[in-house]
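Quick note: the coordinates plus some simple rules give every number you see, no bench work behind them. What you are looking at is a predicted structure, and each value in this text was computed from that prediction instead of being measured. Cβ placement follows ideal geometry from the backbone for every residue including glycine, while neighbour counts extend to all protein chains displayed.
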Amino acid sequence: MSIKIGIDVGGTFTDFLVTRDDADPTIFKTLSTPGDPSIGLVNGLTDIAKAQGKSLEEFAPTIETIVHGTTVTTNATLTRNGAKTGLITTEGVRDALEMRRGIREEQYNNRYTNVPPLVPRYLRAPVKERLDRKGRELEPLDIGDVKAAIDLFKSEAVEAVAICFMNSFANGEHERTAAELVAKEMPDAYLTASSDLLPSIRFYNRLSTTVLNSYNGPKLRAYIDALQARLKDIGFKGVLLIMQSNGGVVLPETAKETAAMTLLSGPAAGPIAGLGYAEAHGQRNCLTVDMGGTSFDAAMVLDGEPIVANEGEINRYRIALPMLDIVTIGAGGGSIGWIDEGGLLRMGPQSAGADPGPVCYGQGGELPACTDADLVLGYLSPGYFAGGRLKLDLEGARKAIDEKIAKPLGMTIEEAALGMYRVINTNMAQGVREVTIKRGFDPREFPMVVAGGAGPNHACMIGLELEIPLMIVPRESSIFCAAGMLMSDLKHDYVRSWVGRIEDIDWDKLQRIIGEMKGEGDASLDAESIPQAKRQYVLRLDCRYAKQYHEVAFEAPLQAVADRDAAAIKALFHAEHNRLYGYSLEEQGTPVEIINVRLQAVGITEKPAYAVESYAGTDPSPALKGEREIIVPETGEKKSVPVYDGHSTRFGYQIEGPAIIEQENTSILVTASYDCVCDQYGSFAVYQKGREELVNPILEAKAS
Amino acid sequence: MSSGNGTNGPKGAGGGDIDPILLSVFARAFKSITDEMSISVEQTARSPILCEAKDFVTGLYDGEGRMLEQTENLPILAFSLAPVCKYIIEYFEGDFKPGDVIFHNDVFSMGNQNNDVAVFRPVFFEDKLVAWTAVKGHQADIGGNVAGGYNPNATEVWQEGIRIPPVKVYDGGVFRKDVWDLIFANIRFDIVQEDMRSQMGATNVGARRMVAILEKYGLDVFDRHKLALFDATRKMMEAEIGSIPNGEYSGEGYVYYDGKNKGSKYTIRVDITVEDKKIKFDYSRTDGRTNGFVNGTYTSSASATALTLLQMVNPDIPHNEGMLSPLEIIIPEGTILNAGYPAATTFGNHLCPPNADAIQRALAPAIPDRVTAGWNNLLSSLTTGFDEEKDDSYVDIFFMGMKGGAGAMNGTDGYDHIGMIDASGGVLDQDYEMFEQQTPHRLIKHEYLEDSAGPGQWRGGIGIETIYEIGSENTQLVCFGDGDFEPAFGLFGGGDGTLNTLTLTKPDGEKVVPLNKDLITGVPKGTIYYQTAGGGGGYGDPKKRDRKRLKEEVRNGIISEKAAREQYGLEE
């Protein structure tokens, strides 16, 4: 009995997915405890133990692995509640952190202010030192200046220190010297030197990332320490792994050192989970969408790999660490509907959140939210929301929509609710366009895996707008990310900036750089007890044509480097440039420059195997639990449609849209344009009417 | 679904049913079309002016050239495409076929700047011309006397670049090689051809999306809702204008040095009339044109007017025809803002700051809570030379040095280090390390400048101080800008910001202070470049500034103890 548990701590709920060799996976949800999230986590483990008829102390030692996604760093950054941090930087550039290259994101909005820096100016200490663009010393490090900075930090009770010097990507010597001094004088401070964390070019990106790491470090370290202690107390003897933004997991000790790598710890598991479900259907590509209470996340998986961005932003702070490319927009069950000055209906981004929540929660919310519209339209059952634990106030929802939307627009309540539903779907479809069309992909070519409590109610209309013919709604859709965590591999990313032309590359130096990074990777994988056979190394290069400003990242086989095959590497670059931008300069013979060398060390983990159901025929009537009147979104007509119990559906059941499939934590609306087949893994495959060929492979599995 | 009889819901101007929800869907869809076109250019263009500084605009227009939506990237381009679309329709007298592609840059037929070359593509549906997609971008070169287009010595348009009145480079889908070659035979760099192809591609992306929408909803529904959308937007704009008290308001802004006559000064005068839901900007009393390149075109100047007004209204108003319809802008030909044929006009976009000054000063008494104090004006430089270590030439526009502070407004400090109002934070600093990779220069300092912000209850945005060492022999330096004679002005008791300054100190100690429009050659390696970009103007009495905030600023070295005492009255 090998038990693995994926745990995703969210704003409202902490989700658990428990897998075991000898039983079906089970889902648990407990209320989150934002003060110390590890309390909610242990509460959940207690529930799981109880369900197995055991005490927590009996159950804990039987857990083999816990994979954990945390929002500790995300929340600290969003609420600016991280550690008091000091910065040591090269004299002359101490304001780069706050300037953010002089951007104002909203150009017509003179009330839009800069985001406060994570380190105030008086704690940004300049030191005399200078390296040139190749890392050659122009001015030695002034030790006195470093000591003065340390004195300042001590007197200000600084908890974390970041060190970032000009051109240190090319030579980390000065930073190392300064770091040793800080470590000696301030042994308890959380310390990050930029050349350790991210030795890559672009000062502002490296600086901002280094500061984010130190700023979040103490909180994450304290949280993981507390969690480890709690788990030890209850007798857990297995392996704890922490989810990172790059879609990989690491040991807690590693996570504590690279706190900034956990900023997308929660949502990063989404695309991994999506891939898992898509692969079950023989698909290597998919879109994943996750609609929760306040936000909607969209991401893409291509050829079996979630798309990775090498830089991005969190709360307008730049971060240049590899992370899954996830587009988040303010659309969720709590998104509030309102009418602008021109009389146009809008949805969000303001959200009713969990408190007071939508009007129908009856907790004092007065503004009509998306969930209220879904309820009025009949897509949600007033008595079976959250498995019946929360009774929904239909009349309250109707009244709020009538007053705030329907009357001002001169519509009926149902028309107004349908309007809210359509507008928010359009917004979410735009989010999906951003992760697809913006990157040159056609969303129609990808199955869409749907997650989040509110996602399955809206997926069909997003799909219809984008003409997506196939959607997969996993039975675990409401705890999607917890599921993804159990499917993640161990991943460690390393980067070195090394500017030079491929034409006259120093192969020995390139080999040495790769060797260094591989050594670091091996050390981490050793610590994680990953056997050699389960290790993989992926080399990526960031290159550009001479005089270009932006680089293109592409994967290069390590063998090509071993063979010193410049032509092969260049051919890969030309091809990727052509794919992204529609042309290459291969014929013109324009020189190609390397900017960054990246190595990812991967430790392959064992994935949970899902039980396969046996075929139960096409007739869904055993799962039929009743009928309900809904507004069919395509036509606006009132219609009575069948309601199925999603926990009773079996492999092979065919459900004709429009219909509703209810589960305890989510509800699927199959609209009039779609039909649905239940697959052998308990997922729901929703496909465009008349496109049976899309689900034939599922049905063919009944033979086996 | 049918519309009800509500009092506030939008109505179709042409009769027939309007679905308020579909209206929202269309508004979002139009924006996503121009956004997608913008992404397409950003990803495929090569010149850093396009892919880094994003100096381009994409637009979607109806068959009559009325603006459906725009993605501007830089606010100064807010009004630069729409007038051209209408001009092109007039010019060809409606003779358009599917597959036509039209180029245009001519500043004497509604263009805004020679380097800004537009691509227009008519969109047909069911054999009818129903829409236009367009992209206008600042090209790396446009011919003329000086590579790159900034020629401080120009007195006529032909010394600045090639004129392209509306011309079809594709005629009914057939490529006109002769026309193409004629244009590009007059432009220095090949990448301009590539960048124009990138713009053409983007208009195609937009056209396909537009046709998909028409196929889905039909022309009739589109037409009705389009008019209703204009109507809804016009109402939003009218509501904003309606909140400005009726009356006549006048203001001035000043231009220092025309590049020819030292000590010269020109005045921009605007007379604004607000009458209920309409607003009129009349520049008839503005000084005459210069005999250099410090002149505007109607389009560049009207664009500056529009962007300044747009910063005073709800930033969420969609940018379509309805937004523009309550505006009237009169700029007589022969003035510095609309120089007329055949004047040189490349500096025209940079007449935006003094134009904005005139408008803010005029409207300050009427809408004191929506205007800002003066913004730091731009003073920019461009170096070209040879990087010996890399054995290659380089060109650098020194974006990071030119970005001073924004003007404060009631309730909000000016944005720090934002740069000229024409861009409003859309043009970014080079990354320091990339700057040192791409030029032989070495950055010494780039930091906030203490006491640069105009004091006030709400202070101006902070200016900056920049120092670097020039790393090439025989370097050429071009200066263009202003703001070294008059600082950003304060409002309602707020103080002025600081001036822009620029000084070169050669290795032998000789100091050179370039004029604000200047061309300096032979600058030796080791020369120290020193520049300050001033702070923005303050708003309201500095003595009323929040003490906690003020003390933090003193602690952070943004405001000196002396200034805190003397200007802000801080007692300790």
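Data for the structure
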| quantity | calculated |
| --- | --- |
| Anchor residue B:403: lysines whose Cα lies under 16 Å away (excluding residues fewer than 8 positions away in-chain) | B:445 |
| Set of lysines near residue A:54 by C-alpha distance (under 27 Å), chain-local residues within fewer than 8 positions excluded | A:4, A:29, A:232, A:237, A:607 |
| Fraction of the pair-distance distribution of chain B above 37 Å, Cα-Cα pairs, percent | 34 |
| Sparse-neighbourhood loop sites, GluC sites (Glu not before Pro) in segment A:575-665 - DSSP loop, at most 10 other Cβ within 10 angstrom | A:587 |
| Charged-residue dipole, Cβ positions (Lys, Arg, Asp, Glu), segment B:20-235 about Cα centre, Debye nearest 20 | 500 |
| Partners for residue B:548 among lysines (Cα-Cα distance below 17 Å; same-chain residues under 8 apart left out) | B:562 |
| Span from the segment B:462-538 Cα centroid across to the segment B:61-81 one, whole angstrom | 35 |
| Helix-only CD estimate at 222 nm, as mean residue ellipticity for chain A, using -39500 (n - 2.57) per DSSP H run (n ≥ 4) | -9000 deg cm²/dmol |
| Sorted by Cβ neighbour density within 10 Å, fewest at the top, the residues A:361, A:545, A:674, B:539 | A:545, A:361, A:674, B:539 |
| Shielding by partners, peptide A:557-566 (average Cβ within 10 angstrom, other chains) | 0 |
| Per-residue [θ]222 nm for chain B (sum of -39500 (n - 2.57) over DSSP H runs n ≥ 4, rounded to 500) | -8000 deg cm²/dmol |
| Selection from B:550, A:217, A:471, by position along the positive dipole direction of the protein assembly as shown (Cβ) | B:550 |
| Ranking of B:545, B:28 by count of other Cβ atoms within 10 Å, fewest first | B:28, B:545 |
| Test item: Cα-centred dipole of chain A, Lys/Arg +1 and Asp/Glu -1 on Cβ, debye | 1100 |
| Counted charge near residue A:650, where neighbours are those whose Cβ lies closer than 15 Å (Asp, Glu -1; Lys, Arg +1) | -2 |
| Cα gyration tensor, segment A:82-219 - rounded (a/c under 1.5), prolate or oblate | oblate |
| Cα gyration tensor category, rounded, prolate or oblate, for segment B:245-356 with a/c compared to 1.5 | prolate |
| Which of B:244, B:142 has the fewest Cβ neighbours within 10 Å, and the rest in rising order | B:244, B:142 |
| Other protein chain Cβ atoms within 10 Å, averaged over every residue that makes up B:421-430 | 5 |
| Where only alpha carbons of segment A:490-603 are counted, the Rg and the Dmax (Å) | 14.9, 49 |
| Test item: Cα-centred dipole of the protein assembly as shown, Lys/Arg +1 and Asp/Glu -1 on Cβ, debye | 1240 |
| Cβ neighbours within 10 Å from other chains - mean over B:436-444 | 4 |
